[in-house]
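Step one of this worksheet: look at the structure below.
The values are calculated or read from the model by the stated rules, or taken from the named source; none is laboratory data. Owing to the predicted nature of the structure, the values given are computational and were not obtained by experimental measurement. When we count neighbours, we look across all protein chains shown, and the Cβ atoms used for this are built from the backbone with ideal geometry, even at glycine.
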Amino acid sequence: MTAINVIKQSDSVHMLTDGATCRDGSRYAASTCKAFPVPHLNAVIATSGSLMWSPLILSNLLLSVTTYDELKQWAPTLLHKAVAEASHVFIGEGTPEVLVVVAGISETTGPDAFSVTTCERIAEPWVALTHGDCSLWPSTPEIQAEFHAAYGDVTSGNELDPARWGVRAIEMQRRHPEAIIGGFVQLTSVTRDGISTRIVHRWDEPIVGVHADAA
């Protein structure tokens with residue numbers, strides 16, 4: 001699973017992702033970048049699910065639109081197209097559980113974030129769902145309770161430091177080992193002037209209970 005957390009502020013939007021990947025759905029494999037800057041749309045895209053789907057999804061999304069607003073409008077249709085076109089590759093596996101999260105600067109509304117999923121277990125499928133000022137994935141009731149205990153008095157994304165908030169939020173998610181979250185925390189920030197990305201935290205244990213030397 002991938003941690004994908006987003007903060008919207010008045011002049012920017014920030015995406016925090018972890019780096020851990022797993023094999024066989026449960027074992028740590030390696031750490032890698034999961035957030036992909038898209039400078040010509042002033043956006044960043046991250047996906048949760050099998051990494052083999054990322055190139056298929058990104059190519060369908062990015063070859064078909066020319067603005068952020070077009071990306072948001074057509075993302076559900078284009079994700080559906082990507083899944084349909086790849087069905088011959090993943091014969092017998094059914095519709096994959098994929099979540100796509102996009103953060104960027106809308107040409108009409110400014111800082112924005114939305115997500116689209118194929119899976120009813122995650123959210124309403126095939127619909128672009130607009131995010132509020134702060135959003136978490138994964139977001140179980142336990143994670144939500146811990147998050148609200150820590151940040152329940154926050155009324156706006158402008159009150160949060162993206163790097164500090166991002167590390168703390170992913171630490172909360174990481175405490176649930178079934179999520180397989182870790183490796184590092186990558187912060188990608190989008191403003192009207194452009195995109196920046198950096199690693200803001202690394203763990204000696206890439207996932208809970210597994211030291212880097214033993215991974």
Discussion item. Checking the structure you have, find out if any residue of the stretch 80-92 is surrounded by 15 or more Cβ atoms within 10 Å (Cβ to Cβ) and either of a type in the set (Ser, Thr, Tyr) or within 14 Å of the chain's Cα centre (by Cα) (or both).
Written reply: no
Fill in: Residue in the stretch 179-190 that is surrounded by fewer than 17 Cβ atoms within 10 Å (Cβ to Cβ) and either over 26 Å from residue 107 (Cα atoms) or not hydrophobic (A, V, I, L, M, F, W, C) (or both) present
no
Worksheet entry | Selection from the stretch 43-56 of residues that are in a helix (DSSP H, G or I) and farther than 20 Å from residue 20 by Cα | 56
Practice prompt. Might you let me know whether the stretch 131-146 holds any residue that is surrounded by 14 or more Cβ atoms within 10 Å (Cβ to Cβ), without any contact (Cβ under 8 Å) to a residue 40 or more places away in the chain and touching a Ser or Thr at 6+ places or on another chain (Cβ under 8 Å)?
Written response: no
Discussion item. If I ask for residues that are under 20 Å from residue 102 (Cα atoms) and of a type in the set (D, E, K, R), which ones from the stretch 162-207 would you list?
Written reply: 192, 193, 198
Practice prompt. Among residues belonging to the stretch 170-193 that are modelled with pLDDT of 95 or more and in contact with a helix residue (DSSP H, G or I) (Cβ under 7 Å, 6 or more places away or on another chain), point out the one that is farthest from residue 141 (Cα to Cα).
Written response: 189
Item to complete: For the stretch 23-42, name all the residues that are over 16 Å from the mean Cα position of the chain (by Cα), assigned to a strand (DSSP E or B) and either buried (at least 18 other Cβ atoms within 10 Å of the Cβ) or of a type in the set (Gly, Ala, Ser) (or both).
Response: 28, 29, 30
